[in-house]
1. What are the pairs, 6+ residues apart or on separate chains, where a residue within region 117-136 that is closer than 20 Å to Asn74 by Cβ and modelled with pLDDT of 70 or more has its Cβ under 7 Å from a residue that is of a type in the set (Val, Ile, Thr) and surrounded by 14 or more Cβ atoms within 10 Å (Cβ to Cβ)?
2. Might you let me know whether region 89-105 holds any residue that is in a helix (DSSP H, G or I), over 21 Å from Met1 (Cβ atoms) and more than 12 Å from the chain's Cα centre (by Cα)?
3. For the subset of region 77-110 comprising residues that are out of contact with any Phe, Trp or Tyr (no Cβ under 9 Å at 6 or more places or on another chain) and aliphatic (A, V, I, L, M), which member is surrounded by the most Cβ atoms within 10 Å (Cβ to Cβ)?
4. Give me the pairs, please: first residue somewhere in region 47-63 and within 15 Å of His107 (Cα to Cα), second residue anywhere and modelled with pLDDT of 95 or more and among the hydroxyl-bearing types (Ser, Thr, Tyr), beta-carbon distance under 6 Å, and either six or more positions apart or on two chains.
5. Which number in (1) within 23 Å of Glu116 (Cα to Cα); (2) in a helix (DSSP H, G or I) marks the one condition that Arg31 misses?
6. Here are some residues: Glu116, Glu48. Which one is surrounded by fewer than 17 Cβ atoms within 10 Å (Cβ to Cβ), part of a loop (DSSP other than H, G, I, E, B) and among the charged types (D, E, K, R)?
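The values are calculated or read from the model by the stated rules, or taken from the named source; none is laboratory data. Please read these numbers as outputs of a predicted model, since none were measured by experiment. Quick reminder, even Gly has a Cβ in these numbers, built from the backbone with ideal geometry, and neighbours come from all protein chains shown.
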Amino acid sequence: MIYHCNRLTLRPEASPEQIEEALESLRNQGRVIPSVKSFVVGRDFGGEYEWGAVFALEDLDGYWEYLIHPAHRNTDRVGLPLVDKFASYDVTDDPDPEMAAKIAALHQRRYDNDPELTKLVSDLGEYSGSAAPGKHGS
């Protein structure tokens, strides 16, 4: 199992309506993407981020399905412009020593095939972790 985790802080100018639209889009990802086995979206406590989301995915094929699903793309479109600081990371019980590189390669393939997404990500104030462009296993 792979737990894909996102932590984010929104820009101060984000309206309550925009924030709710983005959070609902994250929740919708969990409901409609077939490879998501369970999920949680809500407040992030114990750190420097405001919001968090965790999506449980069975394997790398499911991870790819999650990444390219239209529901995920919608969250990118409505949510990323609101984000100031973003971090992603993955937790897995898979013993494959190459798992970090394989996950990073999925994200890189997605960026390579989606210039609009790459532009949205480049406009973030801060972006780190497994999903950050050019990062491999950080």
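1. Sorted first by the residue in region 117-136, then by its partner, the pairs are Leu124/Val83; Tyr127/Val121.
2. no
3. The residue in question is Ala104.
4. Leu57/Ser35; Leu57/Tyr63; Leu57/Tyr66; Gly62/Ser35
5. Result: Arg31 fails condition (1) only.
6. Of Glu116, Glu48, the one residue that is surrounded by fewer than 17 Cβ atoms within 10 Å (Cβ to Cβ), part of a loop (DSSP other than H, G, I, E, B) and among the charged types (D, E, K, R) is Glu48.
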